[in-house]
């Protein structure tokens, strides 16, 4: 009987622990999606959204992840109160009808332990199109203040405004819009 107990304990110690996927909640104070576009060819204008929620579910061992982001489009910050109202109108974001934009991943590609691209569906003004975010920076480590694991990443993609029925004044105001997302999330 002692041999069976010893064998069972030895086997339990020899089998590595299977890590479970970990859920991270977006830190709205450190997550800012921004977008930039050509303004009549004079300048590249950059604006951002001030409220973002969502989750990242990461399985470090399996090298898989799921990303779900909700952007409150009523919090657009162009640097001008007048233009904030203009861009929320029906010609652009139409925030009374569509107060959020969403991104839901369909595939996350890893190179070693780091994600390098995130394929998913971007929904804006009720219109959904597939996009690929290129991950340009990534960090997973214990957060020095929260005392929990945290992740951070920067990601970018370019979309056409016309694909989302936001193309007023194109081509004078550029149809290509670069989206940059700086995201930080803390483990639940």
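Dimensions of the range 24-106 from C-alpha coordinates, computed as largest minus smallest value along each principal axis and given longest first, are 47, 29, 24 Å. In the chain, the DSSP-assigned H stretches of four residues or longer account for a calculated mean residue ellipticity at 222 nm of -3000 deg cm²/dmol, using -39500 (n - 2.57) per stretch and the full residue count as denominator. Over the chain, what is the relative contact order in percent, taking alpha-carbon pairs closer than 8 angstrom and at least six residues apart? RCO, the chain: 23 percent. In terms of surrounding Cβ atoms within a 10 Å radius of their Cβ, 107, 97, 125 rank from fewest to most as 97, 107, 125. For the modelled label position 7 Å from the Cα of residue 114 along Cα-to-Cβ, which residues of the range 146-182 have backbone nitrogen atoms closer than 12 Å? Only 153-154 fall inside the zone, counting backbone N under 12 Å. If a/c stays under 1.5 just call it rounded; otherwise compare a/b with b/c (prolate if a/b is bigger, oblate if not). Do that for the range 99-174, with a ≥ b ≥ c from the square roots of the Cα gyration tensor eigenvalues. Prolate shape, in that a/c is at least 1.5 and a/b is the bigger ratio. Please list, short to long, the whole-number percent of alpha-carbon pairs of the chain in consecutive 5 angstrom bins beginning at zero. Binned Cα distances yield the sequence 1, 7, 14, 19, 16, 12, 9, 7, 4, 3, 2, 2, 2, 1, 1, 0, 0.
Values in this text are rule-based calculations from the coordinates and carry no lab data. If you're wondering where the values come from, they're calculated on a predicted model, not measured in any experiment. So basically every Cβ, Gly included, is an ideal-geometry build from the backbone, and we count neighbours across all protein chains shown.
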